[in-house]
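Following: one structure in structure tokens, then a few remarks.
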Amino acid sequence: MQHIISVLCENQFGAFNRIVTMFSGKGFNVHSMSIGETENPEISRMTIVTEGDDKIIEQVVKQLNRLIDTIKIVDLTEQAIVQRELALLTVFYQKGNRGEIIDICEIFRGNIVDINNKNLMLEITGPPDKIDAAINVLMPYGIKEIARSGNVVLKRGEQAAKVVHEKE
Amino acid sequence: MHTKKKNMSGADIFFECLKRENVEYVFGYPGGAVLKIYEHLHDVDFLKHILVRHEQGATHMAEGYAKATGKVGVVLVTSGPGATNTVTGIADAYMDSVPIVVFTGQVATHLIGNDAFQEADIVGITRPITKHNFLVRDVNELASIIKKAFYIASTGRPGPVLVDLPKNVINSVCEFNYPEEVELRGYKLRTHGHQNQIKKAATMIQKAKRPLLYVGGGVIMSGGNRELYLLAKENNLPVTMTLQGLGAFPGTEPQSLGMLGMHGTYWANQAVNNCDLLVSLGARFDDRVTGKIETFATKAYKIHVDIDPTCIDKNVIVDLPIVGDVKHVMAELASELNTKPDVEEWWAQIEQWKEECPLDYETNDGRLRSQYVVSKLSELTKGEAVVVTDVGQNQMWTAQYYKFNHPRSHITSGGLGTMGFSLPASIGAAFGVKDRPIISINGDGGFQMNIQELVTAVYHKLPIKFIILNNSFLGMVRQWQELFHAEKYSFTELSESNPNFVKVAEAFGLKAFSTDKPADVVPLLKEALDYNDGPVLLEFKVVKEDMVFPIIPSGASISDMITRRLDPKEMM
Ligand SMILES: Cc1ncc(C[n+]2csc(CCOP(=O)(O)OP(=O)(O)O)c2C)c(N)n1
């Protein structure tokens, strides 16, 4: 099963590397990883989408926790969350179909961010399945390039996230 | 009024920090990137620098020192090749949770990434084999990083920490501030186990009919041998130990079942197989212990006490985990136990297993055997020596036949299985322990892997007794070839290529003796044990084809144990 794990770690040289090294060294699956600064510039938030049975996920969380640079690890799976990904897509257009592509972009509430005489660049934001859907619809027109940001996730409202490991 | 503190150079700060950490020895080797440190070292008198002959030797010495004393072992080497030569020792320390701090020189920060002369990304290289590592980018961080390095290496589940020191950082100057306390928000230690879990564990022990304590190196690291002794003694519980656990409970006590696992005793493994309660104390259910997971201790309710949560439910799913310092947990557990379990029948059963298949070897053919040498050594030293073994048959025979009576007495490379460990590690142990004999036991193969460090032992007149159990083979590999690889003795025979070990030792300046006669063993061992003016080498030319029994083949079950070499007639 897919799990979304949010990791607060030191915003420091090596912290990200150490987490990536741990994942590859232990042979854990990674679907996506994203990292960025938080409200506290000393701390980064890393969002990792990984896959495994309960035993593996328990090890993932424990191994993350064991690293000295990690501060808090939260498994956000099955929590009320807001999950977003951003994708940039460069799509070919022909004489007759530019309007269609722009319509599709609007349906997905995306933006056209670049254009030249061969292709359009679309920016689409949303949960990953929405991005998958947009890609599927645009595929027949010919997609030249895709860049996806990976997931960023926060829990909603007042509901406390299940803190799997907080270093007390 | 603000009084300005003294400005100090990075090199001075480095030594001031080592002083505050009470470092007695640094095992090191100089080179370009650390010349400034060596310049200052020249005038340092509060610690002793031990010049090694290869940086791998330095890391194993630091490990030997740390394992024998419980203190942090310290290594200092140059950048590039100096740093990469430490990798095996660091990996070894990581696998066996040994507290060492390795300082590596590095090229100046503005050259990092340029493929500068003697540059290696040692922080990147060692990331998966260190508990933590640091690149010091600014001299202002130096003191606090060194403080953190020692703290991280020695607390919780110990392990190696590497600190990379760029040349310009060492040359820069700043105000010296040694932090009194370490602040690491991502590193919090849990010492006391969960009270309810401990109560539950106590109830289980009281109710158990066939309980067994399975003890690992964690008990020794935590200093919990006294607590273990009381817990086991007062409740008449059988104790079996892992390779790293040997010495945690006295080997001469009747309650000790010896080692379990691949080369464990028949009765310890039968006890594992049949117990109804298995209490794991500071052990990690390593595959050399469990064999096939599906058949491991299937009748037992399992309690697992460990300071490292990642060890729990990693290999074997347990019924009752307790995260905490095993020393504290055992003390708390003992105080919760008010009625003793009824284990009379269980002991009768264990005694029967002991009779069924004792540890023994051929003694009637007049030929010299390793088991005999180790048994005599154990008797002569009354289990009081510090014994440092290498990897292979010599290691397993020592684990089986030497009766360790104290913690920190059995020093060996368990997790990584690093040949070439014993010789340098025994040197580190000899610096740390002066009041007990230090014995280094080796195979003829592994002895040659760090043989250059004999110089270090001779130069410092360390009274180490180096023993080579020379079977003219890479014995353990030969054993597997005989048992599992169609008797193809591919590249394991050394008889034609081995050097004359006595001459080699003499060239290095050691006293050396060699024999192939059982009658010489006791007199030679006695002579060596009485000689304390420097190292001695004893070469015992033993039977070539001997095998370590019992053996449970890799990944197999206890029921697949092989207890002796089968006669060709029996195999028909
Ligand atoms: C550095 C290293 N290389 C290879 C091995 C694989 N290995 C394990 S035991 C062994 C044989 C050791 O032979 P020897 O040192 O003569 O000791 P014996 O088994 O004969 O006691 C070998 C090659 C190892 N453990 N470490």
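Values as computed for the structure displayed
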{"quantity": "Nearest 10 degrees, 0 to 90: helix A:128-138 Cα axis against chain A principal axis", "calculated": "20 degrees"}
{"quantity": "All-pairs alpha carbon distance profile, segment B:420-480, 5 Å steps from 0, percent", "calculated": "4, 19, 29, 22, 13, 8, 5, 1"}
{"quantity": "Per-residue mean of C-beta atoms belonging to partner chains within 10 Å, peptide A:65-78", "calculated": "3"}
{"quantity": "Mean Cα-pair separation over length for segment A:1-113, i.e. relative contact order, pairs under 8 Å, 6 or more apart, %", "calculated": "33 percent"}
{"quantity": "J(HN,Hα) series, segment B:178-183, from Karplus relation 6.51 cos²θ - 1.76 cosθ + 1.60, nearest Hz, glycine and proline x", "calculated": "9, x, 6, 10, 9, 10"}
{"quantity": "Leading residue at positive end of dipole, chain B (Cβ point charges), from B:Gln352, B:Leu213, B:Phe466", "calculated": "B:Leu213"}
{"quantity": "Under-5 Å amide H pairs with B:Ala120, H placed in peptide plane, nonlocal only", "calculated": "B:Gly80, B:Val107"}
{"quantity": "Heavy-atom accessible surface of chain B: percent carbon and sulfur, 1.4 Å", "calculated": "50 percent"}
{"quantity": "Which of A:Pro140, A:Ile35, A:Val49, positive extreme of dipole for chain A (C-beta unit charges)", "calculated": "A:Pro140"}
{"quantity": "Computed label-point distance, nm, for sites B:Leu184 and B:Glu379 using a 7 Å Cα→Cβ extension", "calculated": "4.8 nm"}
{"quantity": "Per-residue average of Cβ from other chains inside 10 Å of B:182-191", "calculated": "4"}
{"quantity": "Relative contact order of segment A:84-151, defined on C-alpha pairs under 8 angstrom at six or more residues apart (%)", "calculated": "52 percent"}
{"quantity": "Pairs beyond 29 Å (Cα-Cα), from B:Lys71/B:Lys511; A:Lys62/B:Lys209; A:Lys62/B:Lys292; A:Lys55/B:Lys131", "calculated": "B:Lys71/B:Lys511; A:Lys62/B:Lys209"}
{"quantity": "Under 10 Å, Cβ to Cβ, from B:Asn500 - net charge with Lys/Arg +1 and Asp/Glu -1", "calculated": "-1"}
{"quantity": "Mean-position separation - Cα centroids, segment B:454-504 and segment B:115-152, in angstrom", "calculated": "36 Å"}
{"quantity": "Within the accessible area of segment A:84-151 (1.4 Å probe), percent carbon and sulfur", "calculated": "51 percent"}
{"quantity": "Antiparallel %, DSSP beta bridges [both residues in chain B], to 5", "calculated": "5 percent"}
{"quantity": "Dipole in debye (nearest 20) - the protein assembly as shown, about Cα centre, beta carbon charges: Lys, Arg +1; Asp, Glu -1", "calculated": "620 debye"}
{"quantity": "For segment B:318-324, Karplus couplings with θ = phi - 60° (6.51, -1.76, 1.60), whole Hz, Gly/Pro x", "calculated": "9, 8, 9, x, 10, 8, x"}
{"quantity": "Formal net charge of residues neighbouring A:Glu42 (Cβ-Cβ distance under 11 Å; K, R +1; D, E -1)", "calculated": "-2"}
{"quantity": "Sequence-separation-based contact order of chain B, relative, with Cα cut under 8 Å and 6+ spacing, percent", "calculated": "14 percent"}
{"quantity": "Gap separating the Cα centres of segment B:291-311 and segment B:324-356, nearest whole Å", "calculated": "17 Å"}
{"quantity": "Helix A:98-107 vs. chain A, principal-axis angle (Cα, 0 to 90°, nearest 10)", "calculated": "40 degrees"}
{"quantity": "16 Å Cα-Cα reach of B:Lys403 towards aspartates and glutamates, excluding residues that sit fewer than 8 places from it in its own chain", "calculated": "B:Glu253, B:Asp360, B:Glu379, B:Glu384"}
{"quantity": "Shape call, chain B: gyration tensor on alpha carbons, a/c limit 1.5", "calculated": "oblate"}
{"quantity": "For segment B:428-437, Karplus couplings with θ = phi - 60° (6.51, -1.76, 1.60), whole Hz, Gly/Pro x", "calculated": "x, 5, 5, 5, x, 10, 10, 9, 9, x"}
{"quantity": "For the protein assembly as shown, share of DSSP beta bridges that run antiparallel, in % to the nearest 5", "calculated": "45 percent"}
{"quantity": "Gain upon complete extension [B:Ala556, B:Ala348; 0.36 nm per residue less C-alpha separation]", "calculated": "72.2 nm"}
{"quantity": "Folded to 0 to 90 degrees: helix B:225-235 orientation relative to chain B principal axis, Cα", "calculated": "30 degrees"}
{"quantity": "Around A:Arg148: net Lys/Arg minus Asp/Glu count, Cβ-Cβ under 14 Å", "calculated": "-3"}
{"quantity": "Under 26 Å from the Cα of A:Lys118 - lysines, other chains or at least 8 residues apart", "calculated": "A:Lys95, A:Lys130, A:Lys144"}
{"quantity": "Backbone N within segment B:55-80 under 17 Å of label point (7 Å from B:Glu24 Cα along the Cβ vector)", "calculated": "B:61-75"}
{"quantity": "Loop trypsin sites (Lys or Arg not before Pro), segment B:366-469 (other Cβ atoms within 10 Å of the site Cβ: 16 or fewer; DSSP)", "calculated": "B:Arg367, B:Lys382, B:Lys434, B:Lys461"}
{"quantity": "Built amide H within the under 5 Å cut-off of B:Asn405, gap 5+", "calculated": "B:Gly251"}
{"quantity": "Most fluctuating residue given options A:Thr70, A:Thr50, A:Thr38, as computed from a GNM of chain A linking Cα atoms under 10 Å", "calculated": "A:Thr38"}
{"quantity": "About the Cα centre, charge dipole magnitude for chain A (Lys/Arg +1, Asp/Glu -1 at Cβ), debye", "calculated": "300 debye"}
{"quantity": "Average projection area in nm² (convex hull over Cα atoms of the protein assembly as shown, one quarter of hull surface)", "calculated": "41.4 nm²"}
{"quantity": "Dipole in debye (nearest 20) - segment A:84-151, about Cα centre, beta carbon charges: Lys, Arg +1; Asp, Glu -1", "calculated": "140 debye"}
{"quantity": "Förster-model FRET efficiency, 51 Å R0, A:Ile135 and B:Ala116, C-beta, rounded to 0.05", "calculated": "0.70"}
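The values are calculated or read from the model by the stated rules, or taken from the named source; none is laboratory data. As the structure is a prediction and not an experimental result, all values here were calculated from the model. Here the Cβ is made from the backbone with ideal geometry for all residues, glycine too, and neighbour counts use every protein chain on show. Quick note on the areas: whole protein, heavy atoms, side chains included, nothing else; ligands and nucleic acids left out. Shrake-Rupley method; radii C 1.70, N 1.55, O 1.52, S 1.80 Å.
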